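Report on the structure given below.
The values are calculated or read from the model by the stated rules, or taken from the named source; none is laboratory data. Everything quoted here is computed from the prediction, not taken from an experiment. Neighbour counts are summed over all protein chains in view; Cβ atoms, including those assigned to glycine, are modelled from backbone coordinates with ideal geometry. Remember, those area values only see protein heavy atoms, side chains included, never the ligands or the DNA or RNA. Shrake-Rupley method; radii C 1.70, N 1.55, O 1.52, S 1.80 Å.
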Amino acid sequence: MSKSTLSRFSSYALFLLTIAGCAREPDVVDQQVADLATAENMIDAFYSFDPARLQPLLSEAGEAEVAILGYQAWAEGGNYMVLERTPCAIESKGTVVCAITVQDDPVLALETGFNVTDTFHISFVEGVIVGVETSSNDQPIYYEARQWVVQNLPEVMEGPCRETEGVRESPGDCAIAMTRGYRQFMQARTTETKGISPFIPEDFEPPTLVETTDFVVVPLGPDLVDIDYAAYMSSIEHLQQTFTRGTSWPHENITAEEAMQDMVAEQNRFNNRESFAYAVLTPDGERERGCIYVRSVSKPGFDAEVVLWVTAEEYEAGFDPTLYAWTMEWIEENWPFDAVAYPGRSIEWDDWDAL
């Protein structure tokens, strides 16, 4: 092939590639326009609170179908009201993002004046929704309130908020019950803030490091999220039976994001002097053996309540009574309480619940 022929061939090939590229671009744009329209329809269907409108759009979305339909029921129970809805936008190839700012009863119960923005990340394949993930900008107090309900209102978590294989059985009723729980959380918080029932004196500094021959005790926080997660996820059934007395925590479907949210909430409560959660680590700090929680108490006759747990492995090794005995001595010698309750230990759970 001569140089002139080769040159003409190269030019023609480049021309064909250019034409092909121009032909494909409108197809891509058309698909994106169609995906955006479908995403807007999904948002319309979600906030219609009519699952019959939403479900057909999620029929190919796999596990997200159940999750988003459940979230719709929660949103209906929580009286979600759309305040601002920005147009959906292309986030990446095959993914559309839709941000919706709402007012809802659970957040209103926290009296912060804050409105949450929920963001839907909708995945497409050939114009069909194949996945939906959600994220939100909830304030730390939201996670604090949820944890308070888990710890103080087990009847909520085992009743309207009961989960089966990580899925709420009645999400709408759960939203209503959690709203009531958040109001109780705020009442308890206000009582402490006003000093009606002081928890710890202003001049008392809670311990931040205790070292023994067999373990180290430090406050729970984001730096410990991985080893804390590994500890309780290794002992789900054991902790459900001996610590929480229910299936709400821990459970198999706790995500890394939820684990971090819990750590942030615990750290905030510690810093705000509302409650004090400690990890019990091996001396090298590489593994969590259990946890200790020092909390205010609403039961009469006590200054505080202390609960603790150890992993299933540590329980079988006999560490539970050792940690309990050490904790009682530590609290007596280092904390400013006269009467401390140890629910499930010094007082039976049934007797504690009846107080």
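Quick check on the chain: of the DSSP beta bridges with both residues there, what percent are antiparallel, nearest 5%? Present the calculation step by step, with values, prior to reporting the outcome.
Values: 44 of 47 bridges.
Once the DSSP bridges in the chain are tallied, antiparallel ones form about 95 percent.
Each label point is 7 Å from the Cα along the Cα-to-Cβ direction; what then is the distance between the points at residue 313 and residue 298, in nm?
The answer from the label model is 3.7 nm.
Given 0.36 nm per residue, what is the gain on full extension from residue 66 to residue 112 after removing their alpha carbon distance, in nm? Numbers along the way, then the final one.
On the way: separation 46, 0.36 × 46 = 16.56 nm, distance 3.09 nm.
Stretched fully, the residue 66-residue 112 segment lengthens by 13.5 nm.
Can you order the peptides 311-318, 71-78 by their average number of other Cβ atoms within 10 Å per residue, highest first? Walk me through the intermediate numbers first.
Working: 311-318: 16.0, 71-78: 21.2.
Top to bottom by mean Cβ count within 10 Å: 71-78, 311-318.
Work out from phi, with θ = phi - 60° and the Karplus expression 6.51 cos²θ - 1.76 cosθ + 1.60, the ³J(HN,Hα) of each residue of the stretch 113-126, listed in order in whole Hz, and give x for Gly and Pro.
In residue order, the calculated couplings are x, 9, 10, 7, 9, 8, 10, 9, 9, 10, 9, 10, 9, 6 Hz.
Multiply the residue gap between residue 241 and residue 164 by 0.36 nm, knock off their C-alpha separation, and tell me the result in nm, one decimal place. Let's see the in-between values first.
Details: separation 77, 0.36 × 77 = 27.72 nm, distance 1.64 nm.
Separation in residues times 0.36 nm, less the Cα-Cα distance, equals 26.1 nm.
Just order 96-107, 299-310 by mean Cβ neighbour count inside 10 Å, highest at the front, would you? Display every interim value, and only then the final one.
Working: 96-107: 20.0, 299-310: 18.3.
Ranked by mean Cβ neighbours within 10 Å, highest first: 96-107, 299-310.
In nm, give the distance between the simple-model label positions of residue 223 and residue 83, each being 7 Å from the Cα along the Cα-to-Cβ direction.
With each label point 7 Å from Cα toward Cβ, the separation is 3.6 nm.
Explain nothing, just compute: Karplus ³J(HN,Hα) = 6.51 cos²θ - 1.76 cosθ + 1.60, θ = phi - 60°, for every residue of the stretch 280-289 in order, whole Hz, x for Gly and Pro.
Once rounded to whole Hz, the list reads 9, 9, 5, x, 7, x, 8, 9, 8, 8.
List, in order, the whole-Hz ³J(HN,Hα) value for each residue of the stretch 223-229 obtained from phi through the Karplus relation with A = 6.51, B = -1.76, C = 1.60 and θ = phi - 60°; use x for Gly and Pro.
Values, residue by residue: 5, 9, 4, 5, 6, 5, 4 Hz.
Quick one: which residues, 5 or more positions from residue 280 or on another chain, have an amide H under 5 Å from its amide H? H modelled 1.01 Å from N in the peptide plane, none for Pro or chain starts.
Hits under the 5 Å cutoff: 289, 290, 291, 292.
Please report the carbon-and-sulfur percent of the accessible area for the chain; probe 1.4 Å, protein heavy atoms only, DNA, RNA and ligands left out. Numbers along the way, then the final one.
Details: 9480 of 18600 Å².
The computed percentage sits at 51.
What does the C-alpha gyration tensor say about the overall shape of the stretch 94-219? Classify as rounded when a/c is under 1.5, otherwise prolate if a/b is larger than b/c, or oblate. Mind dumping the intermediate values first?
Details: a/c = 2.04, a/b = 1.67, b/c = 1.22.
Note, shape of the stretch 94-219 comes out prolate.
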